[in-house]
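The values are calculated or read from the model by the stated rules, or taken from the named source; none is laboratory data. Remember, predicted model here, so these are calculated numbers, not experimental data. Don't worry about glycine lacking a Cβ; one is built from the backbone with ideal geometry, like all the others, and counts go over all protein chains shown.
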Amino acid sequence: MPGFAPRILARESLVSVIAFIGLGAMGGPMAANLLAAGHALRVWNRNPAKAEPLVAAGATACQRIAEAVRGAQFVVSMVADDLATRAVMLGEDGVVASAAPGTLILDCSTNTPAMVREVARAAAARGIAHVDAPVSGSLAQARGRELVFMVGGEAVDVERALPLLQAMGKSHRHMGPSGAGATIKLINNMLSGTVNAAIAEALLVAQAAGLDPEATQFVLGEGAAGSRLFKTKMPKIYARDFSPQFQLALMEKDLRYFLSLAQELDRPVPIASLVRSQMQAARRADLGGLDVSAVFLQVSGERPSQA
């Protein structure tokens, strides 16, 4: 067709080639938003089936991380923890070994600051830029482009990542050098985990006292302690709907990371320690795959089969 090829070339010159690593509950919607923004997307996931909806929308599925990363201008990663990050970033076939100098890594995983800095140093040694950008928000925010990014790294690299951040979220804050994003994320999730545990105990007592569920949710949601967590987690507890928005096992992991950070900084965090113990007990009781609000089952003694 006359003129067809030139138009395609012109369009491709305006988009970024992005490799997206990790297509779980959060990564999948984030990758979809990058694709919807017009970027050329290559995707890799440990379970290839999770790439199928993105491939149907125009992404390219890759069998190896190296295949996804080579030739990409940006690499976005959204995996579970330090162990997964070490594997995808520092493995023999991983991002750092495979990306070309000048590539920018945008790591949105929740990692320890130490892990972030280790990857950033390895990337810098190969001329690769690295930004840690974990997120605030869960499934609804990921799908609706309402995530808030907490960013650590060099200002010039954060500026370069801005089109990606804008395609996936509503705002971002540059927190400081490498690892600063991971640090504030762990602090944020410590507060979130603590509030979830407090909600569970509050509703346990409210139910035992025979308070009306609807009135209880209104008063607590609009009261001085009210927050988005109150308004999203209380209905789940009353309905015994513990389908995961944010898995309890991931919250327990984040609290463990927070305690490690506090120990490194020689700061006492007794409340966080108690909450982590509750989450750990819930995980060991096979509640880890449920929503974090399922900590209610742990404190109430209800059987997991009622979730």
Q. Only one residue in 51, 72, 31 is small (Gly, Ala, Ser), assigned to a loop (DSSP other than H, G, I, E, B), buried (at least 18 other Cβ atoms within 10 Å of the Cβ) and modelled with pLDDT of 95 or more, so which one is that?
A. 72
**Q.** Members of the stretch 227-246 that are of a type outside the set (A, V, I, L, M) and either in a helix (DSSP H, G or I) or not assigned by TED's automatic domain parsing to the domain that holds residue 297 (or both)
**A.** 228, 230, 231, 232, 233, 235, 236, 238
Q: Pick out the one residue from 275, 269 that is surrounded by 20 or more Cβ atoms within 10 Å (Cβ to Cβ), of a type in the set (Val, Ile, Thr) and either closer than 30 Å to residue 113 by Cα or touching a Gly at 6+ places or on another chain (Cβ under 9 Å) (or both).
A: 275
Q: Kindly establish whether residue 104 is in the same structural domain as residue 34 (by TED's automatic domain parsing), without any contact (Cβ under 8 Å) to a residue 60 or more places away in the chain, surrounded by 23 or more Cβ atoms within 10 Å (Cβ to Cβ) and of a type in the set (A, V, I, L, M).
A: yes
**Q.** All positions within the stretch 195-216 that are surrounded by 20 or more Cβ atoms within 10 Å (Cβ to Cβ) and not aliphatic (A, V, I, L, M)
**A.** 196
Q: Tell me, please, whether a residue that is out of contact with any Pro (no Cβ under 8 Å at 6 or more places or on another chain), of a type in the set (D, E, K, R) and modelled with pLDDT of 95 or more can be found in the stretch 283-297.
A: yes
Q | Complete set of residues in the stretch 87-143 that are hydroxyl-bearing (Ser, Thr, Tyr) and closer than 19 Å to residue 28 by Cα | A | 109, 110, 136, 138
Q) Which number in (1) surrounded by fewer than 18 Cβ atoms within 10 Å (Cβ to Cβ); (2) part of a helix (DSSP H, G or I) marks the one condition that residue 66 misses? A) (1)
